[in-house]
Amino acid sequence: MSRILTGIQSSGEPHLGNVLGAMLPAIELSKQNESFFFIADLHALTTIKNKDTLQLNTLKTAAAWLACGLNPDNTVLYKQSDIPQVTELMWYLNCLTPYPMLANAHSFKDKANQLSDVNAGLFTYPVLMAADIILYNANIVPVGKDQLQHLEITRDIANKFNYTFGETFIIPEAQIDTEKMTIPGTDGQKMSKSYNNTINIFAEETILKKQIMGIMTDSKGLEESKNPNACNVFKIYELIASEKEIQNLRLKYEKGGYGYGHAKTDLFQLILTKYKNHRLQYKHLINNSREIDYILESGAKKARTIAESVLTKVKRNLGLMRA
């Protein structure tokens, strides 16, 4: 049985892109594999400087995982910050990671022209990610296209460590869901909190409806025939609808007499129906946060056991402990 590992930053409330692109595929994988899922609250510190915001985002992220069907009985769910071994390993890996590798990482290069906004945590982000992965001997890491480079960096670091100090780490493999690699946002770009173009399926109905009604479309009138393949509303709709629902909506677009307002309303109703139970479970967990705390604490206890075992091997191979 393979061991899979994935994480999601607690940098904001999880949105449809997170759910479709990361959570649901990872949860499906967890049904056939040993699974470690973590909330990357240490990574979130590179951008979040308010403790209440960080704590609330962490709670919401855990609630979203559980509401989407994660089973804590067969999946280890934990907070990154509850595993001190990960930051210790990060230091060891930092001492082996060349500067040019980090300078070429997308997470740094995207802000290289605004160095005043770059903190050391952002620069060494890929090393912490590497520690997150190889500390648990993960075989498979589900990643989006934008994170593939970071996994390649992880593999390079782990290989270099093994070559320099002896076989220590399992070299992880990436698994990419090519069908849902990029989830479009309300403006047609990749759905991302940083673009402020997200759809939050767990939000109150009034907020959710406002987000959907804000999806950008062209200016074609009600009676005109429309191209569904060029419409952001349709692109989002077809990611979550059944084949029959997709074909029915396509016919409405092409026939005319069907406006974008109608399409947005149909998308809104589809989300309310499709994710009804998810929304109810999410609300229950947010209102009963002790249930989340217990699950995270139990997961962290299991994760620390493995982390300590791997870290002991690392320290022995480095010469920091006697064999």
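Counting only residues that are polar (S, T, N, Q) and free of Cβ contacts under 8 Å to residues at least 60 places away in the same chain, segment 188-208 holds 5 of them. Looking only at residues of segment 171-202 that are in a loop (DSSP other than H, G, I, E, B) and acidic (D, E), we find that the one that is surrounded by the fewest Cβ atoms within 10 Å (Cβ to Cβ) is D187. For segment 203-225, a residue qualifies if it is surrounded by fewer than 11 Cβ atoms within 10 Å (Cβ to Cβ), polar (S, T, N, Q) and assigned to a loop (DSSP other than H, G, I, E, B), and exactly one does: S219. For the residues G21, G17, the requirement of being out of contact with any helix residue (DSSP H, G or I) (no Cβ under 7 Å at 6 or more places or on another chain), in the same structural domain as L151 (by TED's automatic domain parsing) and buried (at least 22 other Cβ atoms within 10 Å of the Cβ) singles out G17. Determine whether I236 is in a helix (DSSP H, G or I), touching a strand residue (DSSP E or B) at 6+ places or on another chain (Cβ under 8 Å) and of a type in the set (A, V, I, L, M, F, W, C). Yes; evaluated as a whole, the condition is true for this residue. Candidates K235, K276: the one that is modelled with pLDDT of 95 or more and more than 23 Å from D146 (Cβ to Cβ) is K276.
Looking at this structure, is Q32 in a helix (DSSP H, G or I) and over 11 Å from the mean Cα position of the chain (by Cα)? Criteria not met by Q32. Does segment 268-297 hold any residues that are surrounded by 13 or more Cβ atoms within 10 Å (Cβ to Cβ) and either outside any helix (DSSP H, G or I) or touching a Pro at 6+ places or on another chain (Cβ under 7 Å) (or both), and which are they? Of everything in segment 268-297, those that are surrounded by 13 or more Cβ atoms within 10 Å (Cβ to Cβ) and either outside any helix (DSSP H, G or I) or touching a Pro at 6+ places or on another chain (Cβ under 7 Å) (or both) turn out to be Y275, I295. The condition of being touching a His at 6+ places or on another chain (Cβ under 6 Å) and of a type in the set (S, T, Y) holds for only one of T198, T124, that being T198.
Taking the numbered list (1) in a helix (DSSP H, G or I); (2) under 23 Å from P84 (Cα atoms) in turn, N18 passes all entries but (2). Criterion first (surrounded by 20 or more Cβ atoms within 10 Å (Cβ to Cβ), among the polar types (S, T, N, Q) and more than 18 Å from Q281 (Cβ to Cβ)) does S30 satisfy it? The answer is no for S30. Taking the criterion of being aliphatic (A, V, I, L, M) and either in contact with a helix residue (DSSP H, G or I) (Cβ under 7 Å, 6 or more places away or on another chain) or not in a helix (DSSP H, G or I) (or both), the residues of segment 298-319 that qualify are A300, A307, L311, V314, L318. Comparison of T164, T87, T168 shows that the only residue that is touching a residue at least 40 places away in the same chain (Cβ under 8 Å), surrounded by fewer than 21 Cβ atoms within 10 Å (Cβ to Cβ) and not in a helix (DSSP H, G or I) is T168.
Rundown of residues vs (1) closer than 25 Å to Q32 by Cα; (2) surrounded by fewer than 19 Cβ atoms within 10 Å (Cβ to Cβ); (3) among the small types (G, A, S), yes/no style:
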site: P100; (1), (2), (3): no, yes, no
site: A120; (1), (2), (3): no, yes, yes
site: T124; (1), (2), (3): no, no, no
site: L128; (1), (2), (3): no, no, no
site: V143; (1), (2), (3): yes, no, no
site: L148; (1), (2), (3): yes, yes, no
site: I153; (1), (2), (3): no, no, no
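Counting only residues that are assigned to a loop (DSSP other than H, G, I, E, B) and touching a His at 6+ places or on another chain (Cβ under 9 Å), segment 57-84 holds 2 of them. Going by the structure shown, is S309 within 24 Å of the chain's Cα centre (by Cα) and either farther than 26 Å from M191 by Cβ or acidic (D, E) (or both)? The answer is no for S309.
The values are calculated or read from the model by the stated rules, or taken from the named source; none is laboratory data. It should be emphasised that the depicted structure is a prediction, and the values quoted were computed from it without experimental measurement. Positions of Cβ are backbone-derived with ideal geometry, glycine not excepted, and every protein chain shown enters the neighbour counts.
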